[in-house]
Structures are given as structure tokens and as C-alpha cells.
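Engineer: My structure is below; once you've seen it, I'll send some questions.
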Amino acid sequence: MTLVAIEGLTVDFDGVRVLHGIDLHVGKGEAVGLVGESGSGKSVTWLAALGLLPGKARVGGRVKLEGADILGAPDQTLDRIRGGRIAMIFQDPASALNPVLTIRRQIGESLALHRGLSGAAIKAEARRLLDLVGIPDAERRLSAYPHEFSGGQNQRIMIAMALAGNPDLLVADEPTTALDATIQAQILDLIRDIRRETGMALVLISHDLGVVAQTCDRVCVMYAGRIVEEAPAAVLFDDPAHPYASGLIGALPAIEGPRQRLSAIAGTVPDPRALPPGCSFGPRCLHATGACTQAPPALTTFGDGRRMACVLAKYRLEPTAIARELVDA
Amino acid sequence: MSRLKGFLWFLALRLARATATLAICVTIVFVVLRSAGDPLASLLPDDTPPDVVEIYRERFGLDQSIWQQYLGYLQSVAHGDFGRSFVHHRDALAVVWERVPATLELGGLALIAAVLIGVPLGVLATFGRNTWVDRAAMSAAVFGYSLPNFFLAILLILWLSLSLRLLPSAGSDLPQHLIMPIIVLGAPAAAKIARFTRTSMVEVIGQPFMRAAAAKGVPTRPRLIGHAFPNAAIPVVTFLGFEIGAMIGGGVVTETIFAWPGLGRLLVQAVGQRDLAVVQTIVLMIAATMVCANLLVDLAYGWLDPRVRVGLRGTGK
């Protein structure tokens, strides 16, 4: 069953469109990965959906939480959803925690806002949450400040804070990017364990394909403010359909087999103020043809739960098309 | 243990710096005052016979070289003797000390008023950022600190004393006498505090933890007051430290206009009369106040900012 449905979400900053109509569904308890380079609109999608962008951003489209429209809802409604239904954790945990408030105060605030707890109940529950996310000596550490913890511990505290509201969905925005590799794995394990216990859905925003592959059921690849491919995680990594997705996966070093030169995608991400006509990936694409500059390709469904926005989609839909075109030519 | 040790180091360092600051102040004042003119010329009538002038010169120790005078002065200051007032014929410290309560009363009340008006005004401006509330508050602030204090004082006297006849124009006997000096001294401070609070709040609002607070469902008002303000207050407190000095120094004009019997007015009189010992004592006192204010600010910093608290403890957890 669909928990959150994003339909045709657009975002404009100062008249420049940075998000070009995102369609994305997250089912109850599902783990969805959002991958793409910096600036592809992964974070903006979820910040816009929760009304967290600055006032100058123009947001269009629809965002539904269990059928109810939440985009542009009054602050009172949104304040109950944020943290209570959909919680978010961020890239740099040290700067996402308030430096002058104790951990107890910051976790307790969520408990008071979303669970109506107070006094001793807050303290007991905050301690339980710290235990749950693996902060040792929780009792004493509750009165500590963020700078007294390591980066990994701060991310654990962010997770505890997110869990405090019993959310149905956790949006994790690059949760491990700022952390050491060993700590990354621990944090991902923690998120997986918690999901197993609570059945909470997860949106994992990351530019790290490995992280997404390990954690998610379904993956959406974003490029220049659009979703260009969506597929079950296992399928995407075996058989990426969109040239950009296959480029990204081709750029991953292989652990087995002979050492090979890593293939990089030539060129750079286009400036949102000067997008190329037609497909935004066209100028960097090895398969680009004249048709690619006509109009941005629509997201077409093919196969089992797969979608892609590319003129090549028709060959996936109808493998014989290529032969017929050759004959016609 | 390491906590106490770190704190003592901190205090010792600050004390050494404070002493150096005071020594520099004393030296500059000493040299400038003595090179600015002969104190005897303003003390004694013009037709005083030269031999009488010489007697006075000897009595006040002005016949010695500036080096001898300077070392002698330092020596007596170190013993707590700030010299004798030429004009009042008493200990300079006693003359100055009498005026301290009046200045503290005026400066203290003005600073409290400035904080009580400036901080809420600055926070209010951030609530309605880029709306008419913000613009009105910040226009009022610009007005408040660009108006010269003597001009504001004269306007107030014209309006409140002369035309409305609500307040006495000068003196120090009634509580009403305090109102106009407080406004004149407090208005620029309130304006600066308001602007500074706003700037500090706006900077904090842009921090990632403010978005994280919004993402966890903290409504706007508690977010600004409970999350942003405790962070924004830290630089504002530093700023207040400087303002304490401004309150005492800025009292010079205000106290003179409103005939308020404080340090500022005494300083103006003493400079006019070349009453060296009194001027030096007042300058030393103002410098000492600044140094103490800065020390207090540093201590307040540690209390407000948990990150500095660790620094004060030395290192470690």
C-alpha cells in the first residue's frame, strides 16, 4: 500500500526550474533508494515535499500522505507530519544537532511534540532510545552536548531523535557521507536493524550506489532534476537500462575479475539555468541521436516495475523494433 | 583537577593581559596630558609672579622630568595612591569615587533598558523577516544610532521639558531626572543591540540544525526562541561587554548636558581644569571597567556556550 505519493513535483528557485516533475511512490515499510550526482535534485525532492525549502522556492505538484494532500498544508498540519509521520536525518550530523542544547533536550523535544510525553517519561524514553541506537552509558550521556560525541555517535543520536516520533517513513539524506567507512557500515546496519524491528519505510538518498544496493528494495536514479530510471535494486545493478544509470554502475570498481580502468561518464552535469534541449543527459550520452534533442523523454514503464526516461525505452518494450528500423533504413 | 587548573591558567592569562592594557592606558594618558599644556597656567591667575608659580610647580612635583614624574606616579599607583587633585585639594581617588554611584546608576539603567528593548526588537525583526515589521524595527534602529546623542538630548529637552513641561531638564534630585539621560544614553545602545541581535539570529537561522529542527516538527516560534536564540545570544553577549564601556564613556556628553553628577561630567571638568590626577584616575577606572567587562563576557561565554565550557576546563571530556 502506498504511504507517500509524489506526483509531478516541481521546484523553481528564482525562476530557474531545478525539479522537473517528479513522480515517486513509497510503499508502507518499503526501502527506496534515490541516487544521482550532487545537484540532481534528490534532497530537494524531499525537502520540498515536507515544506522545508526556503520561502523563495516555488513548489508545484502534489504530495500525498496516505491519500491526504500535504503539499502547502498549513504549518500546524505539517509540524505534526514532520517528525511524527515522516522523519528526516541529514548528511552532517554534527551540524544538524543544535550545539547549545543537551541531547536530552533535543530528543525530549520530539517526544513531547509527537508522543505527548513529559517529565520523567521523557527521560526514560530518551534513555531507551539512546540504548536502542547503541550509545553506551545512556543515562549519563543524556546531559551531554553534541560536540562531546563523535560523528558516528551524533548520527546515532539523530536517528534516535528521528525514532522518537515513531515515524512511518525515515528520509535519510546522505546519512553516511560525512562518516568514516567503518562507521558508515555500522550506521547502515543500525538503520536496517531498526527497520526490521519497527517496519518503518525508508528513503535513502545517496550518491553511493553500494550503500543503496545493500539497503534498498527499489532504486530511482535522478539526473538534472528528473527521475531517469526506476527499478528493483537487484535488477538495476545487473541490468541498468538508462545510459546514465549504466554509466554510473560502470563507474563502480569491480571487486572480482581482472583490474580494469574505471569508466567515467564524460562531461559534467548541466547548469539548471542552461539545460540542453530535449534530454538533459543527451550531450554526455554515448547513444544520443537526433531524436534526443527534440523533447525530454517521458518516463516509460517497461518490464516488471521498471521505468526509464530515454528514447531507448522502445527497444526494451519491443526488442524487434531495432531490426525493423534497420530494415526500413 | 585538570578543570580547575585550566580555569586558573585562563584567569592568570587574562590578568596578565589586563595589567598590560591598563599600563598602556596610563602611559598614554600621562604623556598626552602633560604635553597638552601646563596645568599651572589654568590653575593660577595669569598675573601670578613667576617665583610663586615655581613654588607651586615644585609642590605638585611638576618641576621634575617627565620620566621622574611617570615613575613616581607608577610607584604611588602601585601603592594605591592616585595622587592629589589640584582643584579639590583632596585625594583624587576620593573625588572620583564619589561620582561612581551616579554613573553606575545611569549607565546600568540605560544598559538594562537597551537590552530589554533591543533584544526583543531584534528577535521580532527576524520573526517577520523582510516584512514591514522587520523594516520598521530596523529603520527605528538606524534612527536610534545615527542620531548624535547631544542632538537627541536637545530635542528631548525642547520637547519634554520646554513644550510639554513633563520632565525637569537637568539635575539629579528626583527619579524623573533619570528619564531623559537614560533615553539619550540607551537609545543608540538599544539600536545597536537590536541590529546585532537580528544579524546574529539571521545567521543562526541559516544553520543546518535549524532545518533539522523544522524537519522534526518544531513549530516556528519555539524554533526561533528555543533553538535559534540561545545560539544567537552568544555573540550578542560579547557585544554587550563593549557596550558597558560605551555606557561609561558615552556618559561624558549625556552627563554634561543633563548636569548628572557622574564620572563623565567630572572628567569634562577635570580636563578643562587640567586636574591631572583626577583625569588619570578616571581614565584608569574606565579602562579597568572595560577590562572587567571583557572578563565577565568571557565567563558568560563559557556559561552560554557548552563548546567553550570544555575549552575553559582545559581539554578532554
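Engineer: Filter the helices (runs of 4 or more DSSP H) completely within the stretch A:131-212 down to those with at least 3 residues that are within 13 Å of another protein chain (Cβ to nearest Cβ) and in contact with a helix residue (DSSP H, G or I) (Cβ under 7 Å, 6 or more places away or on another chain).
Structural biologist: A:151-164
Engineer: Quick one: count up the residues across the stretch B:227-264 that are away from every other protein chain (no Cβ under 13 Å) and either polar (S, T, N, Q) or on the phi > 0 side of the Ramachandran plot (or both).
Structural biologist: 4
Engineer: Moving on to the next point. Condition test on B:TRP303, is it at pLDDT 80 or above, more than 13 Å from the chain's Cα centre (by Cα) and either over 21 Å from B:ALA41 (Cα atoms) or within 14 Å of another protein chain (Cβ to nearest Cβ) (or both)?
Structural biologist: Spelling it out, it is not the case that B:TRP303 is at pLDDT 80 or above, more than 13 Å from the chain's Cα centre (by Cα) and either over 21 Å from B:ALA41 (Cα atoms) or within 14 Å of another protein chain (Cβ to nearest Cβ) (or both).
Engineer: Failed condition for A:GLY225, given (1) within 21 Å of the chain's Cα centre (by Cα); (2) modelled with pLDDT under 85, with all others met?
Structural biologist: (2)
Engineer: Could you check B:LEU267 against (1) within 14 Å of chain A (Cβ to nearest Cβ); (2) surrounded by 22 or more Cβ atoms within 10 Å (Cβ to Cβ); (3) not charged (D, E, K, R) and say which number it fails?
Structural biologist: In the conditions (1) within 14 Å of chain A (Cβ to nearest Cβ); (2) surrounded by 22 or more Cβ atoms within 10 Å (Cβ to Cβ); (3) not charged (D, E, K, R), B:LEU267 misses (1) alone.
Engineer: Among B:VAL271, B:VAL253, which is the only one that is over 28 Å from B:LEU62 (Cα atoms) and either β-branched (Val, Ile, Thr) or assigned to a loop (DSSP other than H, G, I, E, B) (or both)?
Structural biologist: B:VAL253
Engineer: I've got another one for you. Determine whether B:ARG211 is modelled with pLDDT of 90 or more, more than 14 Å from chain A (Cβ to nearest Cβ) and either assigned to a helix (DSSP H, G or I) or at negative phi (or both).
Structural biologist: no
Engineer: Could you pull out the residue among B:VAL52, B:VAL26, B:VAL32 that is touching a residue at least 24 places away in the same chain (Cβ under 8 Å) and either assigned to a loop (DSSP other than H, G, I, E, B) or not assigned by TED's automatic domain parsing to the domain that holds B:ASP173 (or both)?
Structural biologist: None of the other options fit; the residue is B:VAL26.
Engineer: Taking the conditions exactly as written (outside any helix (DSSP H, G or I), surrounded by 15 or more Cβ atoms within 10 Å (Cβ to Cβ) and within 14 Å of chain B (Cβ to nearest Cβ)), does A:ILE107 satisfy them or not?
Structural biologist: Taking the combined requirement at face value, the residue does not satisfy it.
Engineer: Of the residues A:ARG324, A:ARG307, which single one is at pLDDT 85 or above and not in a loop (DSSP other than H, G, I, E, B)?
Structural biologist: Criteria check complete, one pass: A:ARG307.
Engineer: (1) assigned to a helix (DSSP H, G or I); (2) over 23 Å from B:ARG99 (Cα atoms); (3) touching a Lys or Arg at 6+ places or on another chain (Cβ under 6 Å); (4) of a type outside the set (Lys, Arg): which one isn't true of B:GLY217, the others all being true?
Structural biologist: It fails just one condition, (1).
Engineer: Something else: Of all residues in the stretch B:217-273, which are hydroxyl-bearing (Ser, Thr, Tyr) and more than 23 Å from B:LEU33 (Cβ to Cβ)?
Structural biologist: B:THR220, B:THR238, B:THR254
Engineer: Something else about it: Taking A:THR176 and the conditions (1) without any contact (Cβ under 8 Å) to a residue 40 or more places away in the chain; (2) under 19 Å from the mean Cα position of the chain (by Cα); (3) surrounded by fewer than 22 Cβ atoms within 10 Å (Cβ to Cβ), which numbered condition does it fall short on, given that it satisfies the others?
Structural biologist: Here A:THR176 meets the rest and fails (3).
Engineer: Six or more apart or on different chains, Cβ atoms under 6 Å: show the pairs whose first residue is in the stretch B:69-98 and surrounded by 13 or more Cβ atoms within 10 Å (Cβ to Cβ) and whose second is of a type in the set (A, V, I, L, M) and modelled with pLDDT under 85.
Structural biologist: As it stands, the answer is B:PHE86/B:LEU43, since those pairs meet every condition given.
Engineer: If A:ASP79 satisfies all but one of (1) crowded, with 20+ Cβ neighbours inside 10 Å; (2) in contact (Cβ under 8 Å) with a residue 60 or more places away in the chain, what's the number of the condition it fails?
Structural biologist: The failed condition is (2).
Engineer: Restricting to the stretch B:134-179, name every residue that is under 30 Å from B:VAL202 (Cβ atoms) and surrounded by fewer than 15 Cβ atoms within 10 Å (Cβ to Cβ).
Structural biologist: B:ARG135, B:ALA136, B:SER139, B:VAL142, B:PHE143, B:SER146, B:PRO148
Engineer: Right, something else. Got at least one residue in the stretch A:150-172 being surrounded by fewer than 18 Cβ atoms within 10 Å (Cβ to Cβ), of a type in the set (Gly, Ala, Ser) and under 23 Å from A:ASP208 (Cβ atoms)?
Structural biologist: yes
The values are calculated or read from the model by the stated rules, or taken from the named source; none is laboratory data. All values derive from a computational prediction rather than experimental measurement. As a convention, Cβ positions derive from the backbone with ideal geometry for all residues, glycine included, and neighbour counts pool all protein chains shown.
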